[in-house]
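A quick write-up on the structure given underneath.
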Amino acid sequence: MKLPISWLREWVELGASETAVADALTRRGFYVEGIETLGGAYPGVVVARVLEVSRHPNADRLSLCRVDGGAGELRVVCGAPNVRAGMVVPLATIGATLPGGLVIKKSKIRGEESQGMLCSARELGLSEDHEGIVDLERTFGAGEGGEAVALPASGTPLAALVGTPEVVLEVEVPFNRPDGLGIVGLAREVKAALGGRWTTAARDRLAAQAAARGDFDLTLEDAEGCPRYLAQAVEGVRIGPSPRWLRRRLDGVGQRSINNVVDLTNLVLFEFGQPLHAFDLAKLAGPAILVRRARAGERIVTLDGKERALDPEVLVIADRERPVALAGVMGGAESEVTATTTALLLECAWFDPRRVRRGARSLELSTEASKRYERGVDPEIGPAATARFLELLARVSPGARPAAGRERRAGEAAVRTLTLRTARVARLIGVAIGAEESARHLAAMDFAVTAGDPLTVAVPSWRPDVTLEDDLVEEVARARGYDQIPEAPPAGRGVHAVRSERERRVARARGAMLARGLSEAWTSSMVSEREALATAALLGDAAPALVRLTNPMSRESQVMRPNPVAGLLRACAHNLRQGAQAVRLFEVGAGFRARGAGELPLERLMLAAIASGPAHAHAHSDETLKATDSALQPLDLFGAKGLWEAWLEEMRVDTPGWRAYAAAGWKPGASAEVASVTSHIGWAGSLSQPLLRGWDIEVPVHLFVVLLDALSQDAAGRPRATLPGRFPPVRRDLAFFVPVAVTHAALVAALRGAAGEWLASLELFDVYAGTGTPEGMKSLAFALRFQHPERTLTEDEILKVQERMTIAAARECGAQLRER
């Protein structure tokens, strides 16, 4: 927000310098990013008239101008597209110094001599306009009432025409302080900070009330979206250029002049923070105004010349036939005020911030008006803002007179009343501030305060951010000055924070994944509908109850994720595009599922992990590993399973079950459900290439998903140590050919069931399906460890156990013992 100091002084009586004002605003939370000066003394810059314009012989985009600068004719090369004969312009003569420090010298431009420079508004430091040279007749040629006034003669110093320089502060307004988006709001802060007071004119303007007569056809069909609307017709309007004082005000806030009426609506917007809109009354069917939702199939051409299709969620201003404006965002071209307008209808309304935000985003529009409505406009400032517009319109268009009008309001606004205890102030900021001082600080910000302890405080309508007692404490602290509050360590109560069992489990899950060499990712909770459906199907939910966003920011953020998989696949694809050879990522986060109407979504805490690339994550960067062929081999399903099993072991799920599982998105025969002794835990396996191509991934990716809240209570208990046996174990290796359809789990169950209590462990160490394997078969090799707690086992005893295991494997799984 730009704050011209001269405009500020119209509202507040104060003798402080602009630097003091900037310091005061910064101390109160309105950081001043910079101070600039518009205009200057302009030594060597004079008023001049263009006598003749001809084409430059050596450049298509340059012109040769013959200019009367008061001391004779000069030849000037000019590149501005708007230069024409008869135009009155600012001429920087040889030796002139412009506000940016540029010194004008005689020069040759594409072979033609130039004896000066015709200046744009930006080059003169008047505004940011750089589209052409300044037309002094358009800028300074309109009088107070729009009548033409004579300009000074050629050769007159430009400073005499422009006037004194304007100092402007660039203020960063906190998002929760919409009142700071107007001169009045910033003036109130300065007044309170520096002990100033409102000027007499300011008090009159704030007290003014424009009373609509009540004879205009106005209907609030959507009173929730627009609880208050004031419509005021004005007749006898003459549209024309704005006088210099009005242009100067708009230049100070970075706005381009359009015409006297539109400029006045913009002036009131920046002064009061209240957007106004002017319709050409003759172009309104009825004439009437209806505030409603857009209807299916409706379209509107907005003031920027674009035709827009309207969503039923968009709030519109309509006449008897069609929408004529997007409420709180932008007007329509068909009802625009033009040079032929003689009667207008002024709109001053309060629109619901959420509805304006929704409409602006759905149409991808952002304007000065929508920015203010989205944050929250003062619902009570409308009559004063309307009165200010009518007052100024009478100055710039003397024949203008109010005609029909009406105000509609859906109920009276309730005054928000809070109490403030001195004990609460002392507790929160660490300094004892009495009730009298607190009342003085709040009154300086125009809060209505009733004395006592606690104080009773009526919150003004322009402060939607003040809703709690603690907000009042913040106001008192800001007024006292944060730099005046001594630093002190917080008073501790000696109570140690205790993490819940769930928090400890999540921390343990993160630590276990990091220990396995995976990196933690933090991805967006919002994904596209395509991604949500695909990743929900992985976990067996073919028709998920998706949590849809009413107003998504993009197609990639339409719904809340059902699980963290989509974000991990996005991250995987990004890493692969950047040249990563190995991707090992995990994320702990919520998956969302919609419930009944009016209920919050179900959130399931999940851990998802992906692994891709070589078997060893650092195989391409570690010189020792580069020499190891196995490290460079792609990570296969069993290597990934080893990662997940190591994680489960650290999470104290020592004997997880891996049951065959099939669902859309998994590679056939390469996925499993994971279960503990007491419950289903999650899913693991290799993703199918059709699914991966949806994320532009062409390499194998292995996925592991765990429901953290489903981990059994046993997993959270203390690990149990087992003493090694007194007698040495005996190791034997057995390998079987089994049908491809037989799972590892089925074969292990058969072997363990026949082995008896002497089998201490059974581990798969090799899977083979290459040369020498019978058709339709695969080879599974196991390491067996036998041990007796009381004695050493004999060879005969071990052979008998092996024989039982072999017979059981053949009977239950069709297995054949490999001889070699």
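This table checks each residue for (1) at pLDDT 90 or above; (2) among the small types (Gly, Ala, Ser).
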{"residue": "VAL495", "(1), (2)": "no, no"}
{"residue": "GLU501", "(1), (2)": "no, no"}
{"residue": "ARG510", "(1), (2)": "yes, no"}
{"residue": "LEU518", "(1), (2)": "yes, no"}
{"residue": "SER528", "(1), (2)": "yes, yes"}
{"residue": "ALA536", "(1), (2)": "yes, yes"}
{"residue": "ALA542", "(1), (2)": "no, yes"}
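Each row is one residue, and each column tells you yes or no for (1) surrounded by 12 or more Cβ atoms within 10 Å (Cβ to Cβ); (2) modelled with pLDDT under 85; (3) closer than 29 Å to ARG504 by Cα; (4) not basic (Lys, Arg).
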| residue | (1), (2), (3), (4) |
| --- | --- |
| THR678 | yes, yes, yes, yes |
| TRP683 | yes, no, yes, yes |
| SER686 | yes, no, no, yes |
| VAL699 | yes, no, no, yes |
| PHE704 | yes, no, yes, yes |
| LEU708 | yes, no, yes, yes |
| LEU711 | yes, yes, yes, yes |
| ASP714 | yes, yes, yes, yes |
| PHE727 | yes, yes, no, yes |
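This table checks each residue for (1) more than 30 Å from ALA187 (Cα to Cα); (2) in contact with a Leu (Cβ under 8 Å, 6 or more places away or on another chain).
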{"position": "LEU269", "(1), (2)": "no, yes"}
{"position": "ALA282", "(1), (2)": "yes, no"}
{"position": "PRO312", "(1), (2)": "yes, no"}
{"position": "ASP319", "(1), (2)": "yes, yes"}
{"position": "PRO323", "(1), (2)": "yes, yes"}
Among residues belonging to the stretch 445-478 that are of a type in the set (Gly, Ala, Ser) and surrounded by fewer than 19 Cβ atoms within 10 Å (Cβ to Cβ), point out the one that is nearest to GLY182 (Cα to Cα).
SER461
Residue tally, condition among the small types (Gly, Ala, Ser), within 26 Å of the chain's Cα centre (by Cα), more than 22 Å from ASN551 (Cα to Cα) and at pLDDT below 95, over the stretch 265-319:
0
VAL425 being in a strand (DSSP E or B), surrounded by 14 or more Cβ atoms within 10 Å (Cβ to Cβ) and among the hydrophobic types (A, V, I, L, M, F, W, C)
no
Go through (1) out of contact with any Asp or Glu (no Cβ under 9 Å at 6 or more places or on another chain); (2) at pLDDT 95 or above for GLY69 and report which single condition fails.
(2)
Tell me, which strands (runs of 3 or more DSSP E) wholly within the stretch 21-112 include 1 or more residues that are of a type outside the set (Asp, Glu) and free of Cβ contacts under 8 Å to residues at least 60 places away in the same chain?
45-55, 63-68, 73-78, 88-93, 107-109
Among LEU118, LEU161, LEU230, LEU220, which is more than 28 Å from ARG256 (Cβ to Cβ) and either touching a strand residue (DSSP E or B) at 6+ places or on another chain (Cβ under 9 Å) or of a type outside the set (Asp, Glu) (or both)?
LEU220
Based on what the data block shows, is VAL356 in the same structural domain as ARG401 (by TED's automatic domain parsing), within 19 Å of ALA410 (Cβ to Cβ) and of a type in the set (A, V, I, L, M, F, W, C)?
yes
Which one is farthest from ALA537 (Cα to Cα) among residues in the stretch 559-603 that are of a type in the set (S, T, N, Q) and touching a Gly at 6+ places or on another chain (Cβ under 7 Å)?
GLN581
Any hit, the stretch 250-272, residues being under 16 Å from ALA387 (Cβ atoms) and either in a loop (DSSP other than H, G, I, E, B) or assigned by TED's automatic domain parsing to the domain that holds ASP465 (or both)
no
Is it the case that the stretch 65-77 has a residue that's among the hydrophobic types (A, V, I, L, M, F, W, C) and within 45 Å of the chain's Cα centre (by Cα)?
no
Run down LEU290, LEU246 and say which single residue is surrounded by fewer than 23 Cβ atoms within 10 Å (Cβ to Cβ), in a helix (DSSP H, G or I) and either among the basic types (Lys, Arg) or in contact (Cβ under 8 Å) with a residue 60 or more places away in the chain (or both).
LEU246
Residue tally, condition farther than 19 Å from HIS744 by Cβ and aromatic (Phe, Trp, Tyr), over the stretch 776-820:
1
Being touching a residue at least 12 places away in the same chain (Cβ under 8 Å), of a type outside the set (Gly, Ala, Ser), closer than 30 Å to LEU549 by Cβ and in the same structural domain as ALA435 (by TED's automatic domain parsing) is true for just one of LEU468, LEU472. Which residue is that?
LEU468
Considering only the stretch 202-218, state which residues are modelled with pLDDT of 90 or more and either in contact with a Ser or Thr (Cβ under 6 Å, 6 or more places away or on another chain) or farther than 21 Å from PRO275 by Cα (or both).
ASP217
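The values are calculated or read from the model by the stated rules, or taken from the named source; none is laboratory data. These figures come from a predicted structure and were not determined experimentally. Positions of Cβ are generated from backbone atoms using ideal geometry, with glycine treated the same way; all protein chains shown enter the neighbour counts.
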